[in-house]
């Protein structure tokens with residue numbers, strides 16, 4: 001019987017770390033895909049991505065409107081009633097009303113921030129400390145601080161996960177459902193006037209209700225600010241991503257188009273009162289050959 005070397009000792013609790021880069025890369029892909037979360041948590045992650053993408057679209061439009069308002073405020077010629085500018089602001093206000101309402105809609109079979117938070121509140125067992133740890137690391141236990149420098153990264157990641165869970169208002173082993181309810185109440189409160197206007201004016205065209213000019217963009221943006229803060233928090237909960245802001249950075253320099261006239265002047269075909277030699281040469285060059293001959297004959301005679 002051939003002697004075989006004894007197996008290399010393995011660090012307790014580090015079995016999930018693969019010995020080769022390919023295996024480690026596969027694990028990272030599984031973690032990013034949410035493979036270690038329950039089916040319900042995976043559904044929450046999908047919903048949150050949709051909510052995030054829609055909010056990014058709202059924030060992009062808001063950025064354009066804010067810059068446009070700055071341009072208008074700085075130009076005295078734009079301080080008079082203007083149908084075009086009024087339409088732009090109205091289009092933005094109405095579209096934003098519809099978009100942000102989706103995040104406070106509590107109807108079944110809809111995807112929105114309010115419903116997502118309520119789902120998390122009603123199912124706190126889906127995101128316990130252990131479940132959170134496993135979702136974002138692929139393991140349920142906490143590794144001990146290693147003596148092997150090669151395993152230091154694993155331990156640091158685990159330590160960051162524990163501290164991240166604490167910052168979510170979960171000092172224990174479960175999310176604080178009372179805190180989540182407070183966040184839902186804050187969202188609903190911020191949306192009260194927006195929801196009323198959308199419901200009575202745009203959704204159902206009620207006989208009596210508020211008009212668009214009864215609500216300011218500040219009220220709408222206050223709701224958007226609440227949504228952005230909560231979405232960023234739950235991105236860290238469900239996706240373990242840290243985002244300073246959700247407003248996209250524009251690289252097209254879109255407002256440069258506001259620096260020049262949009263309507264081009266009609267071509268001036270009149271002959272200058274005192275034509276310069278250069279103008280005369282251009283005019284003669286533009287004539288048909290027979291017309292140029294007539295001009296040459298007239299000048300000679």
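Read-outs throughout are calculated quantities, based only on the coordinates presented, and are distinct from any laboratory measurement. This one's a predicted model, so the numbers in the text were calculated from it and none came from an experiment. Backbone-built Cβ (ideal geometry, glycine too); neighbour counts: all protein chains shown.
Structural remarks
- Per-peptide average of other Cβ atoms within 10 Å, ordering 260-266, 103-109, 78-84, 131-137 highest first: 131-137, 103-109, 78-84, 260-266
- Estimated inter-spin distance, residue 33 and residue 53, nm [label 7 Å along Cα→Cβ]: 1.8
- Pairwise label distance in nanometres, residue 119 with residue 162, each label 7 Å out on the Cα-Cβ vector: 3.1
- Label point at residue 243 placed 7 Å out along Cα→Cβ; residues across the range 41-77 whose backbone nitrogen lies under 11 Å: 48-60
- Taking a ≥ b ≥ c as the square roots of the Cα gyration tensor eigenvalues, the range 61-155 comes out oblate, since a/c reaches at least 1.5 and a/b does not exceed b/c.
- The range 26-259 shape via C-alpha gyration tensor axes, a/c threshold 1.5: prolate
- Take 60-67, 231-238 and order them by the average number of nearby Cβ atoms within 10 Å per residue, most first; the result is 231-238, 60-67.
- Shape call, the range 89-134: gyration tensor on alpha carbons, a/c limit 1.5: prolate
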